[in-house]
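The values are calculated or read from the model by the stated rules, or taken from the named source; none is laboratory data. Fair warning: this is a prediction, and the values are worked out from it, not measured in the lab. Heads up, the Cβs are rebuilt from the backbone with ideal geometry, glycines too, and the neighbour counts pull from every protein chain shown.
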Amino acid sequence: MKIRSLPYLFLAGLLVSGMAFAQSPIVIKFSHVVASDTPKGKAAERFKELAEKATKGRVKVELYPNSSLYKDKEELEALQLGAVQMLAPSLAKFGPLGVKEFEVFDLPYIFPSKEVLYSVTEGPIGKDLLKKLESKGITGLAFWDNGFKVMSANKPIHLPSDMKGLKLRIQSSKVLDTQMRALNASPQVLAFSEVYQALRTGVVDGTENPPSNLYTQKMHEVQKYVTLTNHGYLGYAVIVNRKFWDGLPADIRTELDGAMKMATKYANAIAQQENDNALEAVRRSGKTTIYTPNDQEKAEWRKALLPVQTAMESRIGKELIANVNKEAARLGVK
């Protein structure tokens, strides 16, 4: 048998390893802090499915839900450093990053309906906001809906005055801090992954969340009362590391854009139903009393919280707040 030369074998080895390398999929690590069975968790699963199918396996999306990879305070830094490629952080996260305009989403009663919300996120206002992330090394791809927030505590909350003295968990947002102080409550900033334990041990008395987050994190098991204030909005921006995104082959980027559009449509379609289902599950558990404010009580909540919009004009931008309110007026919603 003829023995091949070492140079030949070396070159053949390089060729084989090079082919294997060329066929290795592009990995997108997608980290988020909520459960897989929430609207965001399900939308992330849908994106993974669509992206891998559209790229015929050239892209592999690895999902890390429930803070299994990074917690609230860590994930944005990890994205900027390239340790993770994709996130879907809540919109409140971008204020501390230096893009204060995103805190417009935290303003109480800024979105009187989903119609107004989508007009903002899918229109020029939303596009301009996503562009502001580019200077931070971030590319914004989409907005995902997660619904309006309810208040929870271990005492009945019918009126704003019932909030006095309560320690309420919030995200790190100057708007949410101001909101809770307007209600004479004491705002406490905590990572989402720490909220259940803080509620269980009495470190905080209550919190605000869409029903889907409240239920999937089992907060209803340690909160006796929920009030359907629908006072604020919680949504997400799906973002990627800009250097990573710009470095992708153009055809791959186009396919991923298409997958994200379809996943976004799915996310926004299921958000309301998921929250309705979660609220019903909380009700059926028998562990939490759910209260719906009457019209007079709703008016009291609005009276207490609407001034926060004016108080935050210098931080967020008077013109931006006015433009969002103009969308509501244009659509005939008050």
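Structure values in brief
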quantity	calculated
Qualifying positions in the range 289-310 - among the hydrophobic types (A, V, I, L, M, F, W, C) and part of a helix (DSSP H, G or I)	Ala299, Trp301, Ala304, Leu305, Val308
Residue that is crowded, with 17+ Cβ neighbours inside 10 Å, free of Cβ contacts under 8 Å to residues at least 40 places away in the same chain and closer than 18 Å to Phe143 by Cα, where the choices are Glu45, Glu52	Glu45
Residue within the range 20-32 that is more than 23 Å from Lys132 (Cα to Cα), surrounded by 19 or more Cβ atoms within 10 Å (Cβ to Cβ), modelled with pLDDT under 95 and of a type outside the set (Phe, Trp, Tyr) present	no
Flag if Ala259 is more than 24 Å from Val226 (Cβ to Cβ), within 22 Å of the chain's Cα centre (by Cα) and in contact (Cβ under 8 Å) with a residue 60 or more places away in the chain	yes
Test result for Ser67, at positive phi and of a type outside the set (Asp, Glu)	yes
Candidate set from the range 234-257 (those that are in contact with a helix residue (DSSP H, G or I) (Cβ under 6 Å, 6 or more places away or on another chain) and part of a helix (DSSP H, G or I)); member that is nearest to Gln171 (Cα to Cα)	Leu256
Test: residue in the range 255-262 that is at pLDDT 95 or above, crowded, with 24+ Cβ neighbours inside 10 Å and either among the aliphatic types (A, V, I, L, M) or within 30 Å of Val282 (Cβ to Cβ) (or both)	yes
Hits in the range 272-288 - residues which are in a helix (DSSP H, G or I) and either among the β-branched types (Val, Ile, Thr) or touching a Leu at 6+ places or on another chain (Cβ under 6 Å) (or both)	Val282
Thr207 of a type in the set (Val, Ile, Thr), modelled with pLDDT of 95 or more and touching a Phe, Trp or Tyr at 6+ places or on another chain (Cβ under 6 Å)	no
Failed item in (1) touching a strand residue (DSSP E or B) at 6+ places or on another chain (Cβ under 8 Å); (2) surrounded by fewer than 23 Cβ atoms within 10 Å (Cβ to Cβ); (3) over 30 Å from Pro293 (Cα atoms); (4) not acidic (Asp, Glu), with Lys155 passing the rest	(3)
Pairs, first over 18 Å from Ala269 (Cβ atoms) and in contact (Cβ under 8 Å) with a residue 60 or more places away in the chain in the range 114-133, second among the basic types (Lys, Arg) and not in a loop (DSSP other than H, G, I, E, B), C-beta under 9 Å, six or more apart	Leu133/Arg242
Meets criteria (within 22 Å of Lys40 (Cα to Cα) and of a type in the set (A, V, I, L, M)) for Leu183	no
Residue match in the range 263-273 (condition: more than 18 Å from Ser90 (Cα to Cα), surrounded by fewer than 17 Cβ atoms within 10 Å (Cβ to Cβ) and modelled with pLDDT of 95 or more)	no
Residue match in the range 125-139 (condition: surrounded by fewer than 16 Cβ atoms within 10 Å (Cβ to Cβ), more than 16 Å from the chain's Cα centre (by Cα), under 25 Å from Leu306 (Cα atoms) and not charged (D, E, K, R))	no
Members of the range 282-321 found to be hydrophobic (A, V, I, L, M, F, W, C) and exposed (fewer than 12 other Cβ atoms within 10 Å of the Cβ), listed by number	Ala299
